[in-house]
Amino acid sequence: MPLIDPSVVDLSRLQFALTALYHFLFVPLTLGMTFILCAMETTYVITGKEIYKEMTHFWGKLFGINFAIGVATGLTMEFEFGTNWSMYSHFVGDVFGTPLAIEGLMAFFMESTFIGLMFFGWDRLSKPGHLAVTYLTALGSNLSALWILIANGFMQNPQGASFDADTMRMQFNSFVSLVFSEDAQAKFVHTSIAGFVTGALFVMGISAFYLLRKQHVALAARSFRLASVFGIISSLAVVTLGDALGRLDYLVQPTKIAAIEGLWEDSNAHGSATAAPWLLFALPNDAAQTNIAEIGVPYVLTPLITHSLDTPIPGLLTLEQQAGPRILNGIKAINALQQYGVTHDAASLATFKQYENDMGYGFLAQKNAPNQDLTQITPANQDAIVAQTEKDTIPNVFATFWAFRIMMFLGFYFVVLFAFAAYYSLRNELEKHPLLLKAALWSIPLPILACEFGWITAEAGRQPWSVYGWLPTFQAASSHPVGYMVFSLIGFAALYSAFIAAELYLMFKFARLGPQDHHAEPTVGGGATMFGKPQVADKSWQ
Amino acid sequence: MGKLFKFIGLAAALALAIFLAVVTGDFGAWYFAWLVGTTMIVLIASASAVMFDTQESNSKGEV
Ligand code: HEM
């Protein structure tokens, strides 16, 4: 199998990263806002107070803008698998296609149908009927995310499939293993709740904007209260679930967790594993395979990652060495597979089966083999090729280390911000803390940033694999001309930037406009009294 | 008679919920945690809004 031009692979990766990161600017808000709308409407149905209906309408409108623009950005990615990653689609299409199809046919349709009812059904449905529709919309949008994360979970930790030497592709064996894979589950809860944090900070931040201006106070004070309480529980959950994901990486993706922690040597290389420091700051140097500078907190790493006090964690240098025998086995597996492809003899198949689990490492070695042909590996050049391939088995440590750190630091910042916000809101003392309100407003984009860095951690940390341990990324792409890739990349960047511009324009416009107050401010009661008279905006922060 | 049917219906729904909880609890502990956790987050957030109105009417009552 000839290798694809490396620039085409890089451009395909860049294009996928770009479209995925653009898409994920919209997704978290959808995941979170739908459930915040549920909370608002539930309050309306329970109390019967019109203000909560008004809240659901107003925030629903902002959610609608995000949904309408964001949904289009996701569709392109489903096609990209076929156009730019055709080798990948061939290799795992049987497995990967299933969750993608369910996402498109079930969850996305469910979500879209109920969104229509949610927006236009207010006068046609009973109160509980409409509430049920809002819940189903929220469930639908999160189920869409579920199926995508099940698909991604398979790429991180392939479950429920095996390689078929006759068709040369992965064969789907168990739907249950795929759906209930621990990776898929943990990814879903972490990502969905990350969306809750995003939605909560969005509502809280815009409410803070109104409170600072003393506008729409009745709606803003209630929205702030609801969002801050929603946010504090969600931000605590996202940190806890993040820890669970990290532990899972330790169990099934050792190279990723070592890169996340900037761990070149084993955690017990300089004494006991118990005292190993957790790095607060480091500058990993990938070329020199070491950290240039480090600031660590001793005794934290081992319990954090292994949930024990003395289990050693293998470092990247050890993991590279451990890959050596797997690379040799992988070379045998691929050679036997190629032989079997020609002769279909039982002996080749038996040899392949013996080394099948290391097949991916054979693919990985192909890049370094003479003429990219594994049969040309001889005892004379074997050691050099294996040594070079060993280095290819670890991800970019700098990118993975820092993407994770930024996400994590932001996670703790959200906990603190929501804790203060909920505390002062519950005491009705927000007006005494304008700085907190400003922090809430300015923090609106941060959860989206955390999500983007989360994805960079997950995907950069999975490299060099597109399916961990089975299929290297450079084998997964399509063989397009470079010009075509550059052209489509520029096209997507321009189109998606236009989407972002449209979203920002509409969001700013409708958020500034605020809810249509059909009545004078204080008639809705609550909260209005706490913030005094409306004022002309202080424009300094705008 | 109507009440009895309602009771039986609700009891059946409860039994189904418990059954699903046991099954998802066994196979998909994280999914189960998400269902329970999300419901809890939504309801607590909603309760905090109701509390806002109670605080508001209490403070008005005191004036
Ligand atoms: C202490 C806090 C956090 C920890 C320990 C943590 C941990 C992790 C880990 C280990 C991954 C990589 C998963 C993989 O291997 O595939 C990840 C991914 C991710 N994180 Fe976080 N995270 C934290 C906070 C946050 C926050 C605050 C957000 C957003 C508001 C967030 C959003 C994401 C997203 C969207 C992904 C990619 C999807 C996924 O793999 O689930 N994380 N996180």
*Gain in length, A:Ala132 to A:Tyr505, computed as 0.36 nm per residue apart minus the alpha-carbon separation, to one decimal in nm?*
131.1 nm
*So, counting K/R as plus one and D/E as minus one, what does the shell of residues with Cβ under 11 Å around A:Met485 add up to?*
-1
*Euclidean distance between Cα centres, the stretch A:416-438 to the stretch A:152-226, Å*: 27
_Vicinal HN-Hα couplings computed from phi for the stretch A:254-259 (Karplus, 6.51 cos²θ - 1.76 cosθ + 1.60; Hz; Gly/Pro x)_ = x, 5, 5, 5, 5, 5
*Could you work out Rg/(2.2 N^0.38 Å) for the protein assembly as shown, with Rg from alpha carbons only?*
1.07
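Ranking A:His480, A:His190 by Cβ neighbours within 10 Å, fewest first, what do you get? Provide the component values of the computation, followed by the final result.
Numbers: A:His480 18, A:His190 24.
The fewest-first ordering by Cβ neighbours comes to A:His480, A:His190.
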*Where a Cα-Cα gap under 26 Å defines reach, which lysines qualify for A:Lys509, not counting those fewer than 8 residues away within the same chain?*
A:Lys53, A:Lys61, A:Lys214, A:Lys438, A:Lys533, A:Lys539
*Cross-link partners of A:Lys256 among lysines (Cα-Cα below 16 Å; sequence separation of 8 or more within a chain)*: A:Lys187, A:Lys391
*What is the sum of charges around A:Leu100, taking Lys and Arg as +1, Asp and Glu as -1, for the other residues whose C-beta is under 14 Å from the C-beta of A:Leu100?*
-4
*Show that you can apply the helix-only estimate: for the protein assembly as shown, add -39,500 (n - 2.57) for every DSSP H stretch of four or more residues, divide by all residues, and state [θ] at 222 nm to the nearest 500.*
-24500 deg cm²/dmol
*May I ask you to list the aspartates and glutamates whose Cα is less than 20 Å away from that of A:Lys353, ignoring any residue fewer than eight positions away on the same chain?*
A:Asp164, A:Asp166, A:Asp345
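Scan chain A and report its longest stretch carrying no trypsin sites (Lys or Arg not before Pro) that are both in a DSSP loop and have at most 16 other Cβ atoms within 10 Å.
Numbers: sites that count: A:Arg124, A:Arg427.
Within chain A, the longest run free of exposed trypsin sites (Lys or Arg not before Pro) spans A:125-426.
Counting other beta carbons within 10 Å of each Cβ, put A:Met106, A:Met408 in order, fewest first.
Values: A:Met106 14, A:Met408 19.
Fewest-to-most ranking of A:Met106, A:Met408: A:Met106, A:Met408.
Tell me, what is the FRET efficiency for B:Phe7 and A:Glu431 to the nearest 0.05, using R0 = 56 angstrom and their Cβ-Cβ distance as r?
Numbers: r = 50 Å, r/R0 = 0.89.
Rounded to the nearest 0.05, the efficiency is 0.65.
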*Can you give the net charge of the other residues whose Cβ lies under 13 Å from the Cβ of A:Tyr22, counting K and R as +1 and D and E as -1?*
-3
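Read the figures in this text as sums done on the coordinates, not as results from a lab. All figures in this text were calculated on a predicted structure; none of them were measured in a lab. Virtual Cβ from ideal backbone geometry, glycine too; neighbours counted across all protein chains shown.
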